[in-house]
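The structure appears below as structure tokens.
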Amino acid sequence: MGIYYSTVDNITLTFSKVHKNGIFDEIDFRFERPNDKGGFDFAEGKLPNNMFYKTYGFSEDELLELEKYIRNNAFLIWEIANEAA
């Protein structure tokens, strides 16, 4: 994605700079962790809606926790992404 934010429980969160989607500002984000198949589990989404649009390998319960994490950190992510723009 571009901007590293954190690694918690072997799950890394990265995100993009702020970009326009029509008239709205958005940030793409990606959670990622190595899996036992030699690849990665991932969950990709967008701020400000905090929803995932593409996932692989995470359970529903894990996705709920990741959604909570992104929601609780959204303010700081917006701050960092705006500075990087």
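The values are calculated or read from the model by the stated rules, or taken from the named source; none is laboratory data. What you are looking at is a predicted structure, and each value in this text was computed from that prediction instead of being measured. Glycine gets a Cβ as well: all are built from the backbone with ideal geometry, and neighbour counts include every protein chain shown. Heads up: the accessible areas ignore ligands, DNA and RNA and are worked out on the full protein's heavy atoms, side chains in. Shrake-Rupley method; radii C 1.70, N 1.55, O 1.52, S 1.80 Å.
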**Study point:** Residues (part of a loop (DSSP other than H, G, I, E, B) and either in contact (Cβ under 8 Å) with a residue 12 or more places away in the chain or closer than 14 Å to Glu83 by Cα (or both)) located in the range 10-38
**Key:** Asn10, Ser16, Lys17, Val18, Asn35
Point to revise | Condition met for Ile70 (under 18 Å from Gly2 (Cβ atoms), open to solvent by 50 Å² or more (accessible area, probe 1.4 Å) and in contact (Cβ under 8 Å) with a residue 24 or more places away in the chain) | key: no
Check your understanding: Could you give every pair whose Cβ atoms fall below 6 Å, whose first residue belongs to the range 39-57 and is at positive phi and open to solvent by less than 40 Å² (accessible area, probe 1.4 Å), and whose second residue is hydroxyl-bearing (Ser, Thr, Tyr) and in a strand (DSSP E or B), counting only separations of at least 6 or pairs across chains?
Key -> none
